[in-house]
Amino acid sequence: MDLVKLNQEYCRRIQGNMQAHASSAAAELAYMANSTAKYHGRCVSTLYIPKIFSGKDIERFHELIHTLYGIFDKVVDKFREDEGYRKLFGFEPRLNELILREPKYECKIPIARIDIFYNEETGDFKFCEFNTDGSSAMNEDRELNKGIKLTLGYQQLLKEYDLSVFELFDSWVKESLKIYSGAKGAVSHPHVAIVDFMESATNNEFEVFAESYRRQGVSCEICEIRSLLYKNGKLYGQAGIPIDLIYRRAVTSDIMKHYDEAADFIRAVKDGAVCLMGDFTTQIVHNKVLFEVLHHPVTKEFLTPEENDFIKCHVPYTAAMDAEYAPYEQVLNEKDSWILKPRDSYGSKGVFAGVEYDSLEKWQEVVKGCPREKYIIQEFCTPYVTRNIDFSKGADTDFLPVYNLTGLFVYGGVFRGIYSRVSRGKIISTQYSEIALPTIVAFEKS
């Protein structure tokens, strides 16, 4: 299947009947405006043309995740056994203590969303971020895929191809319960708590997950992490039922920032009173310093030649901003080639890219203003460009180029779905012009 030609045909059909397509887009946008795809009251933005992948793309995603997770497993093992290797990550002692506890289950990274810059024509890709803690947007994808069915473009596509979407809720719940069933001290019908700092929580998404757990025959509640109560060897939420399994959505950096406020949660975890899905081991992968560590000579020593080639081809060059070998002068003078990221953040907070700035002088001010001990420098990857159209203001519009980011959901080490985002600019994040698209897999009709 030639996805480039398929998208070109999608565009031609729109051009042939702009008014009809705009009318169906209005129905889609009305659905989205009243959907649960909201974060702090703001509805997710979308465009008319969905993100379409082929079966071949899906096979490729399965393969790259399999290779990546083989590398993750080796890195985690090395972190646990080698104090010198741990120092490369620069974690504070309290976090190392939490990470180095004896694991309750075998799966090192139960859940993640691996964001990649994917070239749909060549199949090549570069990694953007490894999101473990707080991996989200399952509900946005679910609602977007309901809305797209109201469009004329989708209905036309459905006549020619077999279309499928990813199910991201029951699949995670079943996987998490499967992992839990093999954990030390597991009970047959655990009480589950979805835990976060509620000012950062995606509440609508949590409710969908909670209902999914209940459909699997287990009780579930949503908890503010600071309100958990640990007494007599049991951890309790507002329901007053001892918690057996925690689906942790609170990111590690926030927990460490509010360490004392989350004291009961942390004591219960340290005592092994609850099973944490995922545990603090995930921070080894979630922290952006991993991009630097993967290129480090010590890592190269314990990986295979094939794994090292994989990293060289697909992990953008990264270095600590204060490292002696960091190409600091290049970063200062070649602005379009570099991006600066905090060592540990999420939601693109504190990220600066040279392409955002009109002049070299402004960029240099930004670089010099960043605390070098808290930042990494990274090779900037220009995302793949496609065409789309925005009917939010009616049929009097035109196609526009958009930059693409592909998020691969991974449950239990296996690829399970996609979250597609685009932007009108080269930076794709919530603080810029990020737009979410429904993701569809198209197969030739038999």
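Report whether or not Y31 is in the same structural domain as K174 (by TED's automatic domain parsing), in a loop (DSSP other than H, G, I, E, B) and not aliphatic (A, V, I, L, M).
Details: in the same structural domain as K174 (by TED's automatic domain parsing): yes; in a loop (DSSP other than H, G, I, E, B): no; not aliphatic (A, V, I, L, M): yes.
For Y31, the condition - in the same structural domain as K174 (by TED's automatic domain parsing), in a loop (DSSP other than H, G, I, E, B) and not aliphatic (A, V, I, L, M) - is not met.
Scanning the range 209-224 for residues that are surrounded by 18 or more Cβ atoms within 10 Å (Cβ to Cβ) and within 30 Å of K288 (Cβ to Cβ) gives F209, I222, C223. If you check E205, E221 for being closer than 21 Å to A37 by Cβ and either of a type in the set (D, E) or without any contact (Cβ under 8 Å) to a residue 40 or more places away in the chain (or both), only one passes: E205. Looking only at residues in the range 38-77 that are modelled with pLDDT of 95 or more, more than 30 Å from E121 (Cα to Cα) and in contact with a helix residue (DSSP H, G or I) (Cβ under 8 Å, 6 or more places away or on another chain), the one that is surrounded by the fewest Cβ atoms within 10 Å (Cβ to Cβ) is K74. Within the range 112-130, if we keep just the residues that are modelled with pLDDT of 95 or more and under 25 Å from C43 (Cβ atoms), the residue that is surrounded by the fewest Cβ atoms within 10 Å (Cβ to Cβ) turns out to be D115. Applying the condition of being among the hydroxyl-bearing types (S, T, Y) and surrounded by fewer than 16 Cβ atoms within 10 Å (Cβ to Cβ) to the range 310-333 and asking which residue is farthest from the chain's Cα centre (by Cα) yields Y325.
Confirm whether I109 is β-branched (V, I, T) and within 13 Å of I284 (Cβ to Cβ). Spelling it out, I109 is indeed β-branched (V, I, T) and within 13 Å of I284 (Cβ to Cβ).
Can you name the helices (runs of 4 or more DSSP H) wholly within the range 272-378 that have at least 1 residues being in contact (Cβ under 8 Å) with a residue 40 or more places away in the chain?
Numbers: elements: 283-286, 289-294, 297-302, 305-314, 328-333, 360-369.
Per the criteria, 283-286, 289-294, 297-302, 305-314, 328-333.
Being without any contact (Cβ under 8 Å) to a residue 12 or more places away in the chain and within 31 Å of the chain's Cα centre (by Cα) is the filter; apply it to the range 225-245 and report the residue that is surrounded by the most Cβ atoms within 10 Å (Cβ to Cβ). Spell out how you get there, then give the answer.
Of all residues in the range 225-245, those without any contact (Cβ under 8 Å) to a residue 12 or more places away in the chain come to 227, 231-232, 236, 240.
Then drop every residue that is not within 31 Å of the chain's Cα centre (by Cα), which leaves 227, 236.
On the way: S227: 15, Y236: 21.
Ranking the candidates gives Y236 first.
The values are calculated or read from the model by the stated rules, or taken from the named source; none is laboratory data. Bear in mind that the values here come from a model prediction, so they are computed numbers and not experimental data. Heads up, the Cβs are rebuilt from the backbone with ideal geometry, glycines too, and the neighbour counts pull from every protein chain shown.
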